[in-house]
Amino acid sequence: MDYKPESVEKKWQRLWEEQNLFRTEEDKTKEKYYLLEMFPYPSGRIHMGHVRNYTIGDVVARYKRMKGFNVLHPMGWDAFGLPAENAAIASGVPPKKWTYENIDYMRSQLKRMGFSYDWEREFATCDPEYYKWEQLFFIKMFEKGLVYRDRCFVNWCDRCKTVLANEQVEGGLCWRCGSQVILKEYDQWFFKITAYAQELLDDIDKLSGGWPERVLSMQRNWIGRSTGTLVKFKLEDVPGEIEVFTTRPDTLYGATFMSLAPEHPLVKTLVKGTDRETEVLDFVEDTLMEDRFTRTSDQYEKKGVFTGRYCINPVTGAKMPIYVANFVLYDYGTGAVMAVPAHDQRDFEFAKKYGLPIIVVIEPRGEHLDPLTMEQAYEDDGILVNSGPFNGLENRDAMAKITSRLEEMGMGSSTVNFRIRDWGISRQRYWGAPIPMVYCERCGVQPVRVEDLPILLPEGVEITGKGVSPLQDMEDFINTTCPKCGGPARRETDTMDTFVESSWYFIRYCSPHTNDRPFDEDKVRYWMPVDQYIGGIEHAILHLLYARFFTKVLRDLGYVEIDEPFGRLLTQGMVIKDGAKMSKSKGNVVDPADMINTYGADATRLFCLFAAPPEKDMDWSDQGIEGSYRFLGRLWRLVDELKDRLKGLEVEPGSKTGKLELEGIKKKTHQTIKKVTEDIDKRFRFNTAIASMMELVNELYKVKDTIPDKREELAVIKEAIENLVIMLSPFVPHIADELWHMLGHKGMLLEHPWPEYDAGWAEKTTITLAVQVNGKLRATLKVAKDILEEDATHMALSEQNVKRFVNNNKVVRVIYVPNRIINIITATR
RNA sequence: GCCCGGGUGGUGGAACUGGUAGACACAAGGGACUUAAAAUCCCUUGGAACUUGUUUCCGUGCGGGUUCGAUUCCCGCCCCGGGCACCA
């Protein structure tokens, strides 16, 4: 009987489903293990990236279950998002219909891969029973001051008439129509992630070890904490002041002018009614017309314009002209920068260009700097000069001293500044969770009543892709009453960023159908946190940071008791083909459906695991999957040929009667169990685990035609083959269950315990000792394990090739590393 | 510029904590089976040299160093990938 993957796989998928094999319940007698892979966007069909991600997860889930853990392994759909609207624009299919049809198809594809999901926990984030709770969280956050509305600059595409997320701006152009993206002021809802910046940063240390360092460093970077000083500069002649953030308070005496971001609100007030008003406002407008991408590139020409106003340096009393400068960012620090041209390269260039004074306040020890001859700013450490009472100090010491001086004067304080900005979650889109707020003429902005949730997304909306959110045309949706005064009010028409849904779905999986509250606390307490999370590196910052933030918010709202959602994180590499990421335009896309049809789900899974370790990019190879398929055929034939001789045979425990001809196989079996267990458990190195099982198969092929017809010898083979099949089952579950039955067993291997190795058999009794003379390999010795040094030395020295290289020279030293190497050092080299 | 990864045969990749570099697989070549092909099974396969061996020399991006011994540790470079970046 030949290996026919399709019939084997469909048979077992049916049986697993009939027996509810993958269903999980809380069981306090067992240790829990929550394994989660990032849920997919239902784009239409699964791609190789999904297959790889979910295969890795499935191996771990099945392995842990066989190890006796109570495993939670859920799956669902990140179902809101723009592609559904694009499909509606292109083909007129309503987003809801399009999304749920895609989900149905993709679910069938995942089932066809044999993944062990508890499908009873499935949900889609576009289900009202899901986003209802998100709307509740929004209201709770609003009440706690963690949500606010603010006018801010957003990416705006004037052709599409819509706001774009940062990730939808590609090289300064709209990803959809290719036109220039501009900055536009817009009212947006924000989540106050900055309130958690310090905790998000601090807790990164807790994740160290469980998360890849790379991801942690990216998050640290993104949060971007820097310590410095807030300094106030009084305006000349008029009341008011400008605040700046600086990391270099030691250079304060060298601050000779002030630079404001074009967006800075003070700009307009400063120039109002002056003769410079037109020039300055024109400059501001010109700068704002340029897109963010150009403005933040370092090739960008530094330009500025004088406002005609001055402020006062708090320590020197000097008049500092106030400029508007195009390179000053409004959303970092205070949007204003004290310019120290002698010690900051940008300020230096700016000062040279506009003829502004340069004052040196730090000099390298024993050197003198002359502002007239300097060719660039001096940004390194040194000794303070021209700094009044602080002259002669090391600049590092001066930082704190000058800050204290400012504090005494009431003109500044030491502070911490973060690069991370609050999370703007408003999207002018239809296919998302409605923001549960209303605008009342009398009461202003009000959250809807909790008992009115969910605020359902209306159906039957015409989606044209033009203009703002289609919800703005839905009178039935917009017109409502104020929850406070009962008067007429209008609903918010923006929907939430889809990253909000993915920030808490992993908690909902613990009790996906609880409908009187967001979560069942007991179940959440049992399952959370996720023990192992698996997904692509592309989410290193956004999703993983948002989810961490949201978990902390839910903790502070009293819903969960944990600080961090994901104990361990594995970021799997991309699947590439011919050295490039798979894409339609390159024509190098491999459709998993074709692979399943040709080679079966098991061979596809096996190749995904074997071709590379999980965290590395994996090169898809058509010959490679052929090889995996061949291996399964080889395994099949091995079992098929021997099954009748092995069936019903009792394996005698510790059959130590006499000498076994097949002792080598028995040793190899236990060594393989040890290797595979450690590779999965300690390192997630599935490629080497599979390689070692291939080695065992190769060993069995060497002996299979000459197996003596003795019970003890057959028992060795039986033990080898059965353990092999058991161990292969997390990787290739269908063929494993089938082979298990062919060997005369009943039941499913997922319910079979993972094998234990016998340490005695797994241990090597004879080892190969490398013999070096003066550090070069000259021979190898097959010797008993733990051979004594003197015996090893004696044997080594009697080797012909060793003698040749020792060549009657005096042996001055012997380095012996038991069971590894013996190195003989001679007098002359 | 700063911060993380990474660089090993024709290819994907192995090598635990410094101890025989190249496991396993792909590709290639040879053989067996077959009328033939496919499939299958077996063998060879880092490079070079010769005295063809339990042989020697070279070889893990480059140059140094530490060590009896370095793919592994240290210093200095080069290249590739990713993140952050006029961040004050």
task = Report, ordered by the first and then the second residue, all pairs with beta carbons closer than 7 Å, sequence separation of six or more or different chains, a first member in the range A:359-384 that is farther than 22 Å from A:Met338 by Cβ, and a second member that is exposed (fewer than 15 other Cβ atoms within 10 Å of the Cβ).
result = A:Pro364/A:Asp380
query = What tally of residues in the range A:69-106 results from selecting those that are crowded, with 16+ Cβ neighbours inside 10 Å, in contact (Cβ under 8 Å) with a residue 60 or more places away in the chain, more than 23 Å from A:His513 (Cβ to Cβ) and not aliphatic (A, V, I, L, M)?
reply = 5
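Scan the strands (runs of 3 or more DSSP E) fully inside the range A:748-829 and keep the ones with 3 or more residues being out of contact with any strand residue (DSSP E or B) (no Cβ under 7 Å at 6 or more places or on another chain), more than 9 Å from RNA strand B (Cβ to nearest atom) and over 25 Å from A:Gly664 (Cα atoms).
Working: elements: A:766-773, A:776-784, A:811-817, A:821-826.
So the answer is none; nothing clears 3.
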request  = Give the number of residues within the range A:564-595 that are touching a strand residue (DSSP E or B) at 6+ places or on another chain (Cβ under 8 Å) and polar (S, T, N, Q).
outcome  = 3
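So, of the residues in the range A:533-551 that are outside any helix (DSSP H, G or I), among the small types (Gly, Ala, Ser) and more than 11 Å from RNA strand B (Cβ to nearest atom), which turns out to be modelled with the highest pLDDT? Can you show your working first?
To start, the set of residues in the range A:533-551 that are outside any helix (DSSP H, G or I) comprises A:533-536, A:540-541.
Restricting the remaining residues to those that are among the small types (Gly, Ala, Ser) gives A:535-536, A:540.
Then keep just the ones that are more than 11 Å from RNA strand B (Cβ to nearest atom); that gives A:535-536.
Values: A:Gly535: 91, A:Gly536: 86.
Here the answer is A:Gly535.
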message = Taking the criterion of being under 30 Å from A:Val639 (Cα atoms) and open to solvent by 10 Å² or more (accessible area, probe 1.4 Å), would at least one residue in the range A:26-36 satisfy it?
response = no
ask   = Given the conditions (1) touching a Gly at 6+ places or on another chain (Cβ under 8 Å); (2) more than 30 Å from A:Val154 (Cα to Cα); (3) within 16 Å of RNA strand B (Cβ to nearest atom), which single one is not true for A:Pro364?
value = (3)
query = Conditions: (1) assigned to a loop (DSSP other than H, G, I, E, B); (2) free of Cβ contacts under 8 Å to residues at least 40 places away in the same chain. A:Asp563 meets all but one. Number of the miss?
reply = (2)
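What about A:Asn698, is it over 30 Å from A:Leu569 (Cα atoms), surrounded by fewer than 19 Cβ atoms within 10 Å (Cβ to Cβ) and under 41 Å from the mean Cα position of the chain (by Cα)? Quick ask: steps written out before the conclusion?
Values: over 30 Å from A:Leu569 (Cα atoms): yes; surrounded by fewer than 19 Cβ atoms within 10 Å (Cβ to Cβ): yes; under 41 Å from the mean Cα position of the chain (by Cα): yes.
Taking the combined requirement at face value, the residue satisfies it.
Would you pick out the residues in the range A:136-154 that are in contact with a strand residue (DSSP E or B) (Cβ under 7 Å, 6 or more places away or on another chain) and part of a helix (DSSP H, G or I)? Before you say what the answer is, go through the steps one by one.
Restricting attention to the range A:136-154, the residues satisfying the condition of being in contact with a strand residue (DSSP E or B) (Cβ under 7 Å, 6 or more places away or on another chain) are A:138-139, A:141-142, A:146-154.
Selection gives A:Phe138, A:Ile139, A:Met141, A:Phe142.
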query = Does A:Glu367 count as open to solvent by 100 Å² or more (accessible area, probe 1.4 Å) and either in a loop (DSSP other than H, G, I, E, B) or not assigned by TED's automatic domain parsing to the domain that holds A:Ser404 (or both)?
reply = yes
query = Can you tell me how many residues in the range A:591-628 are within 8 Å of RNA strand B (Cβ to nearest atom), part of a helix (DSSP H, G or I) and crowded, with 20+ Cβ neighbours inside 10 Å?
reply = 2
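Return the residues of the range A:372-392 that are open to solvent by less than 40 Å² (accessible area, probe 1.4 Å) and farther than 23 Å from A:Phe327 by Cα; say none if nothing qualifies. Can you show your working first?
Step one: of the range A:372-392, the residues open to solvent by less than 40 Å² (accessible area, probe 1.4 Å) are A:374, A:377, A:382-385, A:387, A:390.
Residues satisfying the conditions are A:Gly382, A:Ile383, A:Leu384, A:Val385, A:Ser387, A:Phe390.
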ask   = Scanning for something open to solvent by 20 Å² or more (accessible area, probe 1.4 Å), free of Cβ contacts under 8 Å to residues at least 40 places away in the same chain and either within 14 Å of RNA strand B (Cβ to nearest atom) or outside any helix (DSSP H, G or I) (or both), does the range A:738-746 turn up at least one residue?
value = yes
query = Out of the range A:432-446, which residues are crowded, with 21+ Cβ neighbours inside 10 Å and either assigned by TED's automatic domain parsing to the domain that holds A:Phe137 or touching a residue at least 60 places away in the same chain (Cβ under 8 Å) (or both)?
reply = A:Gly432, A:Ala433, A:Pro434, A:Ile435, A:Pro436, A:Met437
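Kindly indicate whether any position in the range A:651-667 is within 11 Å of RNA strand B (Cβ to nearest atom) and either modelled with pLDDT under 90 or assigned to a helix (DSSP H, G or I) (or both).
If we filter the range A:651-667 for residues that are within 11 Å of RNA strand B (Cβ to nearest atom), which is where we start, we get none.
No, the conditions are met nowhere in the range A:651-667.
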key: the range A:741-755: number of residues that are modelled with pLDDT of 95 or more and either outside the structural domain of A:Thr672 (by TED's automatic domain parsing) or under 14 Å from A:Leu21 (Cβ atoms) (or both)   = 5
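The values are calculated or read from the model by the stated rules, or taken from the named source; none is laboratory data. All figures in this text were calculated on a predicted structure; none of them were measured in a lab. Cβ atoms come from the backbone with ideal geometry, glycine included; neighbour counts cover every protein chain shown. Just the protein is used for accessible areas: all its heavy atoms, side chains included, with ligands, DNA and RNA removed. Shrake-Rupley method; radii C 1.70, N 1.55, O 1.52, S 1.80 Å.
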